[in-house]
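Worksheet: the structure to be examined is printed underneath.
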Amino acid sequence: MRVQLLLFFFGFYLFQSFCALGQAPVVKGGYCDTGGGAFDILQKYNGCGSLTVTLENKVVGAENVGYFMDYDITTKPVGLPLETTHTYNKLGTYTILQIGSVNGTGFSLCKQVKVPESQKVNATLEVFCNNILKLTVEEDAISKAYDHVEVNWGDNQPNSNWKSGDGVMTRYYSGAIPKISIQGRHESSVTCAGEVNILDPITAESSVETIQIKRVEMQQDGKIALLYEGVEGVSTEVFYAENGTYQTTDIVRNQKQPGNLTIEKGLNPENQYTIKLVSENCGGQKDSRSVGTMVLKATPLEGEIALSWNQYANKAEFTGYNLFRNDLVIKTFQSVDDVKWTDKDLDCDKEYIYQIVALTNLARSFSAPKSVQTTTSAPEKITKASVTVEANNMVAADVILEGKGLTGTYNLIVERAEQGSTDFKQVSGAQNQAIHFEDKAVNTSGTSYCYRFSYENSCPLKSDFSDPVCTILLRQTPTSLTWNDANPFTEGLDSYDVIQTDANAGTAGLPVGLDTSYDLDRNNLVTADYSFQIRAHAKSGNLLSFSNLVHYDRKPVILIPDAFTPNGDSHNDVLAVKGIFVNAFKISVFNRWGQVVFQSGDMAESWDGKIKGEDAPAGYYTYKTEIVDVYDQPFAKTGTVLLIR
């Protein structure tokens, strides 16, 4: 017979009800809501973490009864599982769906079962004075899954029960402290318990050692905010010292974690103090490590703020400084001796709040915050700049920004006009932060260009434009250099330099005054591998203009074959010599006895392999070339050539 199920809308809600006999709660929602179902769940715990259930149908006259053992409440049931016994081996809450029919009418019912927690409860032991044991149960998801935690103190006394929120438990022993065990327990209806956790006091921490200062923060009013790690039940007193003499703050705590407390002793935030804790320790006292306070000084300068602070007192524990600005770390320092820094990345007319924090391997010490406002001045006119012709289609400009009004962010404005024109137009982009600018929309081979510069700081205030700096076009001939004679500076030209560079001698500046041409000294150009550039100095000495680079690479090259075959096949029939960068040439060919068999002073002439009209015998011949290059420098080259018949 078909099972008829009524399909309800997918509105999911959960309702739990427990009867007096401890029946599993009924679940409502989705396909669970057809109604009419009835079944009992017989539960058998196989130790916590494993649960076997046996299901018994209670619907009279039921037909085609099936059970879904892990139903998600909303999915449409498919098939008719006939299993009535199932074992759950994972922690969790599971929904069992019963479906069936009576006289052709479908029914359903959902109930939930829960597989209880079985894991060990986490806890730590702390030992004081050799006979006081403190147990701290970790309040995590495991411990909270149990009804309570049972504690066996190992002293043949009744066990104790711990519940979430009970805090630390203490036990006193007259002799040696034994191992203790703890076990998570469920309510009485759950016939299993969690795994036993055995704790050994031999490995427990001596808690008084853990009482240490974690954070010290000096405040602007001289109060000190303090955070320390305490121990429940251990009396701890807070002391402070200036110049090494400790005084009590009258603050005594006996809590594990007191949070932030405040020392209010009318202290001066500009002075340095040390703070320590003194705790009871088995009838005596135990001092914590001391933590020193930090003092920060902040001095506003033009466009920047100079910061300095005291060196942290305990160098052995020091790990670093963090400098905060407006609650964000802007700089870290690794050395205890780093106690100064200048902040230049600032905006005008803005207030900044600084703090320095000393880091140690245990604590942090904060200075009192310092509020500082930057000063404001208009930027000064740019007086140091240069332009350089980099290529036919590019001019590079370099600017030095200095003086009053300089801020960390700015907009450098670059304008260009053709030389002789006053129609300057901006060629730099918006919010240009680069002091090296490349203008690629130029034709330096035919036009000279003038550039001027201004910059706007973050206030925003703008400087006057600099005096213009114009480009220089350098041209070359084999024997001289010439460049355009238009003045590259409106403020006046001081002088030109010819900058000569070669691979051997390096770079040298050759002053030429106001001349606009330069004759090359060919007698001194030995390698003939040089580059030249013109540098112009303005009368102020701060503006520079660099021309384009020109290169000379005119070393003589002679090409002589290793062999030739004068056999009349029109291929390699003659000893032909080729050369470049040669002004004068002479070649002599010798036979094996040193006799001249061919000689010529014209590179266009070649030896046809004949001696006085007769074929020269095959074999090796020696040659010698004497050369004068384009700079009248003599060179010689010798070698051998094979005549093949």
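The values are calculated or read from the model by the stated rules, or taken from the named source; none is laboratory data. This one's a predicted model, so the numbers in the text were calculated from it and none came from an experiment. In this analysis, Cβ positions are derived from the backbone assuming ideal geometry, glycine residues included, and neighbour counts consider all displayed protein chains. Calculation scope for accessible area: heavy atoms of the full protein, side chains included, ligands and nucleic acids excluded. Shrake-Rupley method; radii C 1.70, N 1.55, O 1.52, S 1.80 Å.
Structure values in brief
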| quantity | calculated |
| --- | --- |
| Tally, over the range 47-65, of residues that are in a loop (DSSP other than H, G, I, E, B) and farther than 20 Å from Cys192 by Cβ | 5 |
| Only one of Lys286, Lys276 that is in contact with a Phe, Trp or Tyr (Cβ under 6 Å, 6 or more places away or on another chain) and charged (D, E, K, R) | Lys276 |
| Selected residue [under 46 Å from the mean Cα position of the chain (by Cα), modelled with pLDDT under 95 and not basic (Lys, Arg)] from Ala417, Ala486, Ala430 | Ala430 |
| Tally of residues being touching a residue at least 60 places away in the same chain (Cβ under 8 Å) and either within 17 Å of Val574 (Cα to Cα) or open to solvent by 40 Å² or more (accessible area, probe 1.4 Å) (or both) across the range 619-632 | 3 |
| Entirely in the range 92-204, the strands (runs of 3 or more DSSP E) that have 1 or more residues that are open to solvent by 40 Å² or more (accessible area, probe 1.4 Å) | 92-102, 105-115, 123-128, 148-152, 160-162, 169-172, 180-185, 197-199 |
| Residues located in the range 252-275, provided they are out of contact with any Gly (no Cβ under 8 Å at 6 or more places or on another chain) and closer than 23 Å to Val168 by Cα | Val252, Gly259, Asn260, Leu261 |
| In the range 69-91, residue surrounded by the most Cβ atoms within 10 Å (Cβ to Cβ) [restricted to those that are under 22 Å from Gly30 (Cβ atoms) and in contact with a Cys (Cβ under 9 Å, 6 or more places away or on another chain)] | Tyr71 |
| Sole residue being surrounded by 14 or more Cβ atoms within 10 Å (Cβ to Cβ), under 20 Å from Thr383 (Cβ atoms) and either of a type in the set (Phe, Trp, Tyr) or modelled with pLDDT of 90 or more (or both), chosen from Val577, Val469, Val498 | Val469 |
| Residue among Thr444, Thr409, Thr374, Thr360 that alone is modelled with pLDDT under 90 and crowded, with 16+ Cβ neighbours inside 10 Å | Thr374 |
| Residue match in the range 558-568 (condition: over 20 Å from Ser448 (Cα atoms) and within 44 Å of the chain's Cα centre (by Cα)) | no |
| Residue list for the range 582-616, restricted to those being among the aromatic types (Phe, Trp, Tyr) and open to solvent by 70 Å² or more (accessible area, probe 1.4 Å) | Trp593 |
| Tabulated pairs, the range 89-106, first farther than 14 Å from Tyr67 by Cβ, second part of a strand (DSSP E or B) and open to solvent by 80 Å² or more (accessible area, probe 1.4 Å), C-beta under 8 angstrom, 6+ apart or interchain | Gly92/Lys114; Thr93/Lys114 |
| Every pair of residues 6+ apart whose Cβ atoms lie under 8 Å, when the first sits in the range 600-618 and is over 18 Å from Ala584 (Cα atoms) while the second is acidic (Asp, Glu) | Asp608/Asp573; Gly609/Asp573; Gly609/Asp615 |
| Flag for Glu209 being open to solvent by less than 60 Å² (accessible area, probe 1.4 Å), among the charged types (D, E, K, R) and not in a loop (DSSP other than H, G, I, E, B) | no |
